[in-house]
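The values are calculated or read from the model by the stated rules, or taken from the named source; none is laboratory data. Computed from a predicted structure; not experimentally measured. Here the Cβ is made from the backbone with ideal geometry for all residues, glycine too, and neighbour counts use every protein chain on show.
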Amino acid sequence: MAASENMRETSTGIGSDYEQLPFFGADDQSDPMLKPVTIASCSIAYGGQGRCARTLDLGCGSGALLERIGQCCESAELVGIDISFTACTEARRRLELFGNRVQIICADLLELDPASLGQFDMIYAVGLAYCVPLAVADRVYAFIRSCLKPGGVVVIGHYTGSRAIAEESLFAMVREKVPCDLPPHEAIHQARLVLSELEARYQSNATSNIEKYAFELAMGRHAVLIYHEILNPNWRPLKTAYLEQVLAPAGIGFACSLAPELIQSAATSTARIAATEVHDDLGGGHRYSLFVRWQDRQRPDLWSPSLQWQTFLSPAPTAEAPNRYKHPDVKTGFDLNNEITRCFAEVTRVAPTSLLTIRELVNLSQIDRETLTSDVLKLIGYGAIRPSLRADTQTT
Ligand SMILES: C[S@@+](CC[C@H](N)C(=O)[O-])C[C@H]1O[C@@H](n2cnc3c(N)ncnc32)[C@H](O)[C@@H]1O
């Protein structure tokens, strides 16, 4: 059998896995981190346009992500592709209310020509690249390179870092003990038994924190995810740096990860990637990584009029540190010794505010402006502030 036919057969096999056990249930309330407005505002901060007028969802499953776009962007055109007939039927049902703005294509990505779809402002590849054969993952990247508009943003869901590497070897041990031809519910039951046995055996030995964490994650996985992730031989960690490498030839670069603590302050995508990789080497896990097709810059533009900033800091002065602020999730305090930055923190903790408005409130000199920008970048790096879109900003 020719290699491509072989690959098609594997792809069809994956499709039938999703027919046997659809991915719904785990995705009905798609991750709150994936709010379209969060994606749009982060992409604007990193040189994107923050639009979703044409949105594409690769491996759209039951259409939960497209539904969110449809709800918040009134005229957005929504295109979803999935190999599973059951998933496409559910997606069409779920998105029926958006009428002819929706197109659900039931097809194998290997069989579709990216050029036939046109260009998109926003692309989702969530739950896909890390759990399909390499040829399908390559095809996902080819779709992104071909279909993303200048200024457009792509969200890639992936597992990365040392925790994911520990999970990879744990999953392989489970798969060795669970016959691959069992019906889904029996396979899930067996996988749970194997995981408990392995955990009991590991607990009696000295186990690293990373391994313990991998067990915790595996044991807590939804049944659907046990089947499609733990028992899936194609599941693998994907480094953010690897994603950057495959997308960079098309001028698409890393902006940030959506987990707030990972919003990156460095000026270039290469520097942001380096910081992310160091962070994930020490832990990692599941990430939603945002990549933008740069137009003219990749330096974060904090002064964009479309962006508002919100601070999660509150004053916590001590005798030694009268300008100390605390973040609910960060143990160490922040000493905001610069008066302008303190003013920024005070204003943005009351209500999200743009830097331009703050400039009007405080008469900023060029030096103050530079100091404020660099302090804000530091606070972004610590996850102490977050961007959001101004209510009157058009995302479609
Ligand atoms: C883990 S689910 C993710 C669904 C959705 N993106 C979400 O996050 O809820 C992966 C989806 O990718 C689809 N898929 C897998 N291989 C595919 C291929 N070769 N072409 C198109 N869709 C594929 C599956 O049918 C499944 O619905």
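The residue that is nearest to the ligand (Cβ to nearest atom), counting only those in region 1-34 that are modelled with pLDDT under 80 and within 30 Å of ALA266 (Cα to Cα), is SER30. Among the criteria (1) surrounded by fewer than 20 Cβ atoms within 10 Å (Cβ to Cβ); (2) touching a His at 6+ places or on another chain (Cβ under 9 Å); (3) under 24 Å from ASP108 (Cβ atoms), the one SER146 does not fulfil is (2).
Can you confirm whether SER84 is within 11 Å of the ligand (Cβ to nearest atom), touching a residue at least 12 places away in the same chain (Cβ under 8 Å), assigned by TED's automatic domain parsing to the domain that holds ASP31 and of a type in the set (Ser, Thr, Tyr)? Give the derivation first.
Values: within 11 Å of the ligand (Cβ to nearest atom): yes; touching a residue at least 12 places away in the same chain (Cβ under 8 Å): yes; assigned by TED's automatic domain parsing to the domain that holds ASP31: yes; of a type in the set (Ser, Thr, Tyr): yes.
Yes, satisfied.
Look at (1) touching a Lys or Arg at 6+ places or on another chain (Cβ under 9 Å); (2) at pLDDT 95 or above and you find that GLU197 fails only one, number (2).
All told, LEU258 meets the bar of being of a type outside the set (Phe, Trp, Tyr), within 16 Å of the ligand (Cβ to nearest atom), more than 26 Å from PRO133 (Cβ to Cβ) and buried (at least 20 other Cβ atoms within 10 Å of the Cβ). Residues of region 174-184 that are free of Cβ contacts under 8 Å to residues at least 24 places away in the same chain and surrounded by 12 or more Cβ atoms within 10 Å (Cβ to Cβ): LYS177, LEU182.
Based on what the data block shows, is LEU109 within 11 Å of the ligand (Cβ to nearest atom) and in contact with a Lys or Arg (Cβ under 8 Å, 6 or more places away or on another chain)?
Details: within 11 Å of the ligand (Cβ to nearest atom): yes; in contact with a Lys or Arg (Cβ under 8 Å, 6 or more places away or on another chain): yes.
Spelling it out, LEU109 is indeed within 11 Å of the ligand (Cβ to nearest atom) and in contact with a Lys or Arg (Cβ under 8 Å, 6 or more places away or on another chain).
Residue count for region 55-81, restricted to those that are more than 7 Å from the ligand (Cβ to nearest atom) and in contact with a Gly (Cβ under 7 Å, 6 or more places away or on another chain): 5.
Can SER162 be described as in contact with a helix residue (DSSP H, G or I) (Cβ under 7 Å, 6 or more places away or on another chain) and either modelled with pLDDT under 95 or acidic (Asp, Glu) (or both)?
yes
Listed by position, the helices (runs of 4 or more DSSP H) contained in region 184-297 that have at least 2 residues being within 27 Å of VAL376 (Cβ to Cβ) are 240-247, 269-281.
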